[in-house]
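To start, the structure itself, in C-alpha cells.
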Amino acid sequence: LPEYLFPLHFFLLFLLPFKSCSNVEYDYFQYHPMEEISSWMSQMAKQYPDVVAIVDYGKSYENRTISLMRIGLKSDTKKKAIWMDCGIHAREWIAPAFCQYFVRQILQTYKTDAKMEAMMTNMDFYITPVLNVDGYMFSWKNSSTRLWRKNRSPGPSGDCYGTDLNRNFDANWGTIGVSSDCNSDIYPGRGPISEPEAQAVTYFVGSRKEDFLCFLTIHSYGQLLLIPYGHPDFTASNYNELVFTSMHVGEEAAEAILKVHGKKYRVGTSPAVLYPNSGSSRDWARMQDIPLTFTFELRDNGTYGFELPQEEIQPTCEEAYSGALHIITYAHDKTFNGAAATAAALWTTFMIVILVDGVYH
C-alpha cells in the first residue's frame, strides 16, 4: 500500500467495527433490556412502514411511556383487532421475548402466506411487548431485584412498593387471591384500576372494545392456557356456552403446542388448574364482551421458574406461537368466514324465492 494511502487505510479500519455493529442482526433468542426492546420496536416501524406503527397509549407510575405496535395492512373498511400484551409481571422475561418473536413471525410471513395476509387485511394486531415498563427495568437492575413482579408505585404507608397489575383490573377486584399487605406480591392496589398501567389498557381497549375479537395476555410459568373466570363463584350470562367455546379452542391450541416440541399445556379456569384470583386483565376483557380471552403461562413447570435459561427461549416461543396462532385464526375465521357463509346462505335463499316466484326482479 502506498504511504500516501496509509491514513485512509487506518480510517477505514477504524470505521469497520461501527459498520459491523450496525449490521448485527437482532437476537430473538436472548433476553433484552428495555432500552434494546424500545430500539427494536422503532427499527421494526422503520423496516415495515406500511404495516407497523408505534402507538403510545399511557404512562407508567415513573412516567415512562407505554407503547404498543399496531400491525396490519391498510384497509378502507373498519377492521377488527387482536390484543396481545407481555411483561405485565416484571420477572417473567420470557413473555416479552415471546411478543418480539410473535411480531417477527407475522412480519416475515404475511407476504408469502395467504392466510396471514388475509388476517392482516381484516384485523390489526395490537401488541405491547412490555406493559409493566417500570417493573421490568427494575428487574434488570441487579440480582437482588431479578424476581420483582409488581409495578413501582408506592403503597399506602409509603414504606413499600408495587401493585400486582394483574390484580388491579375492575373484575371482581379485591375479592379473592389477593393480599391487603402492600409488601405482598399479590397486593391489588388501593382500588380497581388505581394504577396507571392498568388504566392505560382499560382506556385503550375499553374505548374500542367492540373491535377486539381476542385478548391474549402472556405470562410465565406453568404451561397453562387459562380461560375466564378467576373467581370460582362468578358466573355470567351464557357462561356455560363461553366456557365450552373457550375450552374447545384452548384444547385445540394446546394440541397445536404439543405438536411443536412435545410440551403439554393444561387448559382450564384459573381456580381449576392454578389458583383462584380476581382483578385480572383476562377477566376484565371478557367482561367487556371480548369473545376470546386467554392467559398464556409459558414454560416451564418449575425447574427454572421465572429464570428460564436463554436456550429455552426459542422452543418456548415456537410452541407458544403455534398455540396463539390457532386461537387468532379461529377468531378470524369465525368472524369473517362465518359472515361469508351467512351471506352465501342468505343469497341462496333469496335466489330460491325468486325462482319460485318465476320472475327475476
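The values are calculated or read from the model by the stated rules, or taken from the named source; none is laboratory data. None of the values given here were measured: they were computed from a predicted structure. Here the Cβ positions follow ideal geometry from the backbone for every residue, glycine too, while neighbour counts run over all protein chains shown. These area figures cover heavy atoms from the full protein model, side chains too; ligands, DNA and RNA do not enter into them. Shrake-Rupley method; radii C 1.70, N 1.55, O 1.52, S 1.80 Å.
Once ligands and nucleic acids are excluded and a 1.4 Å probe is used, how much of Ile313 is accessible, expressed in Å² to the nearest 10?
Accessible surface of Ile313 is approximately 0 Å².
Pairs of alpha-carbon atoms within less than 8 angstrom and 6+ residues apart define the contacts here; what relative contact order does the chain have, in percent?
It rounds to 18 percent for the chain.
Pulled fully out, how much extra length does the chain show between Tyr275 and Asn63, if you take 0.36 nm times their separation in residues and subtract their Cα-Cα distance?
Gain on extension, Tyr275 to Asn63, equals 73.1 nm.
Run the reach check for Lys264 against aspartates and glutamates, Cα to Cα strictly under 17 Å, same-chain hits fewer than 8 apart removed. What comes back?
Lys264 reaches Glu251, Glu252, Glu255, Glu297, Asp300, Glu312, Glu318, Glu319.
Which entries in the list Lys150/Lys263; Lys46/Lys80; Lys115/Lys259 go over 31 Å, if you measure between the two C-alpha atoms of each?
Check vs 31 Å cut-off fails for no pair.
Relative contact order of the stretch 55-198, please, whole-number percent, based on alpha carbon pairs below 8 angstrom and at least 6 residues apart.
The value is 25 percent.
Using the Kirkwood radius built from alpha carbon pairs, what does the Stokes-Einstein equation give as D for the stretch 196-349 at 25 °C and 0.890 mPa s, in µm² per second?
Calculated translational D: 148 µm²/s.
With N denoting the number of residues in the stretch 100-254, provide Rg(C-alpha) divided by 2.2 N^0.38 Å, to two decimal places.
This ratio for the stretch 100-254 stands at 1.21.
Among Phe306, Ala53, Pro188, whose Cα lies farthest out toward the positive end of the dipole of the stretch 34-358, if unit charges sit on the beta carbon of Lys, Arg (+1) and Asp, Glu (-1)?
Looking along the dipole axis, the top candidate is Ala53.
Could you identify which residue out of Asp283, Asp185, Asp170 has the top mean-square fluctuation in a GNM of the chain using Cα springs shorter than 10 Å?
Result: Asp185 has the largest fluctuation of those listed.
If you wrap the chain's Cα atoms in a convex hull and average its projection over all directions, what's the area in nm²?
For the chain, the mean projected area of the Cα convex hull comes to 26.6 nm².
Excluding Tyr110 itself, calculate the net charge of residues whose Cβ lies under 13 Å from the Cβ of Tyr110, where each Lys or Arg counts +1 and each Asp or Glu counts -1.
With Lys, Arg at +1 and Asp, Glu at -1, the net is 0.
Of the residues Pro96, Pro156, Pro129, which exhibits the maximal mean-square fluctuation in a Gaussian network model of the chain defined by a 10 Å Cα contact cut-off?
Looking only at Pro96, Pro156, Pro129, the biggest GNM fluctuation is shown by Pro156.
Give, rounded to the nearest 20 debye, the magnitude of the charge dipole that the chain has about its Cα centre when Lys and Arg contribute +1 at Cβ and Asp and Glu contribute -1 at Cβ.
260
Roughly how far apart, in whole Å, are the Cα centres of the stretch 97-157 and the stretch 216-233?
17
For Thr109 and Gln43, calculate 0.36 nm times their separation in residues minus their Cα-Cα distance, and state this gained length in nm to one decimal.
Stretched out fully, the Thr109 to Gln43 stretch lengthens by 22.0 nm.
Using the alpha-carbon centroid of each, what span in Å lies between the stretch 252-279 and the stretch 30-67?
Taking the Cα centre of each part, the stretch 252-279 and the stretch 30-67 sit 29 Å apart.
Whole number in Å², please: accessible area per residue of the chain, 1.4 Å probe, ligands, DNA and RNA not counted.
Value returned for the chain: 47 Å² of accessible area per residue.
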